[in-house]
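Structure, as structure tokens:
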Amino acid sequence: TDFANDKLVRIDPASHKIVASIKVGKGPKPVVIGAGSVWVGNSNDGTVSRIDIASNSVTATIQVTNTAVNGLCFADNAVWVTTVDFGLSKIDPATNKATARVNVETIPRGVVAGNGAVWVAAPLATQVIKVDAAALKISANIAAGNAIGVALVKDWVAVANYNEGSVALIKTSD
């Protein structure tokens, strides 16, 4: 992203040249691809921009919060968004609306979803928060150090800990 100029920049992988510069919301940071679109979290206005891959144009701007957007992921036909106001929101790509919100009780950062759960990195709480994706309720708080980022690898959640310079693994099933 081009944070300073509020743009998503598309780069041709063969030529390494910019082929599109798309105006999005204020302070674009996290980016994810899903449902035939690119989704951009805009940290300075609390929105998520949906961009059509073929036309390089914004097709929707979804207001999620009045605070910063920290993380995005796409799984099970939903966009999951973490926000500074302790939020985990779910966007339905069919309606371009935020359809649910869970208070994760701390400032969340990275997010990943799969295997029936949404996993939220919470560095200030030194944990990863597991949210049941169907019930939209916190199902576990797992000690994980200063968790800043999470990634799903088969039946494991890999947790990047920024102060320790380490990666922890959490089994996704009991």
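Take the conditions (1) open to solvent by 50 Å² or more (accessible area, probe 1.4 Å); (2) more than 29 Å from Gly36 (Cβ to Cβ); (3) in a strand (DSSP E or B); (4) not acidic (Asp, Glu); Lys90 misses just one of them, which is (2). Apart from one condition, Ala134 fits all of (1) part of a loop (DSSP other than H, G, I, E, B); (2) open to solvent by 30 Å² or more (accessible area, probe 1.4 Å); (3) touching a helix residue (DSSP H, G or I) at 6+ places or on another chain (Cβ under 9 Å); the exception is (3). How many residues does segment 30-47 hold that are over 13 Å from Thr67 (Cβ atoms) and either of a type outside the set (Gly, Ala, Ser) or more than 15 Å from the chain's Cα centre (by Cα) (or both)? Qualifying residue count for the region: 8.
Across segment 1-52, what is the total count of residues that are aliphatic (A, V, I, L, M), farther than 18 Å from Gly110 by Cβ and open to solvent by 50 Å² or more (accessible area, probe 1.4 Å)? Counting residues in segment 1-52 that are aliphatic (A, V, I, L, M), farther than 18 Å from Gly110 by Cβ and open to solvent by 50 Å² or more (accessible area, probe 1.4 Å) gives 5.
The set of residues from segment 137-169 being among the hydrophobic types (A, V, I, L, M, F, W, C), modelled with pLDDT under 90 and open to solvent by less than 40 Å² (accessible area, probe 1.4 Å) comprises Ala144, Ala147, Ala168.
Output yes when any residue across segment 111-122 is under 25 Å from Val9 (Cβ atoms) and touching a residue at least 24 places away in the same chain (Cβ under 8 Å), and no when none is.
Quick first cut of segment 111-122, residues under 25 Å from Val9 (Cβ atoms) only: 111-112.
Now narrow it down to the ones that are touching a residue at least 24 places away in the same chain (Cβ under 8 Å): 111-112.
Yes.
All of (1) surrounded by fewer than 21 Cβ atoms within 10 Å (Cβ to Cβ); (2) of a type in the set (Val, Ile, Thr); (3) over 25 Å from Asp52 (Cα atoms) hold for Thr99 with one exception: (3). If I filter segment 65-79 for residues that are out of contact with any helix residue (DSSP H, G or I) (no Cβ under 6 Å at 6 or more places or on another chain), farther than 26 Å from Leu8 by Cβ, surrounded by fewer than 17 Cβ atoms within 10 Å (Cβ to Cβ) and not hydroxyl-bearing (Ser, Thr, Tyr), do I get at least one hit? Checking segment 65-79: not a single residue is out of contact with any helix residue (DSSP H, G or I) (no Cβ under 6 Å at 6 or more places or on another chain), farther than 26 Å from Leu8 by Cβ, surrounded by fewer than 17 Cβ atoms within 10 Å (Cβ to Cβ) and not hydroxyl-bearing (Ser, Thr, Tyr). Are any of the residues in segment 43-57 closer than 13 Å to Asn96 by Cα, at pLDDT 95 or above, of a type in the set (A, V, I, L, M) and part of a strand (DSSP E or B)? Taking every residue of segment 43-57 in turn, at least one turns out to be closer than 13 Å to Asn96 by Cα, at pLDDT 95 or above, of a type in the set (A, V, I, L, M) and part of a strand (DSSP E or B).
The values are calculated or read from the model by the stated rules, or taken from the named source; none is laboratory data. The model shown is predicted, which means the values in this text are computed figures rather than measured ones. A quick note on method: Cβ atoms are made from the backbone with ideal geometry, for glycine too, and the neighbour counts reach across all protein chains shown. Heavy atoms of the whole protein, side chains included, go into the accessibility calculation; ligands, DNA and RNA do not. Shrake-Rupley method; radii C 1.70, N 1.55, O 1.52, S 1.80 Å.
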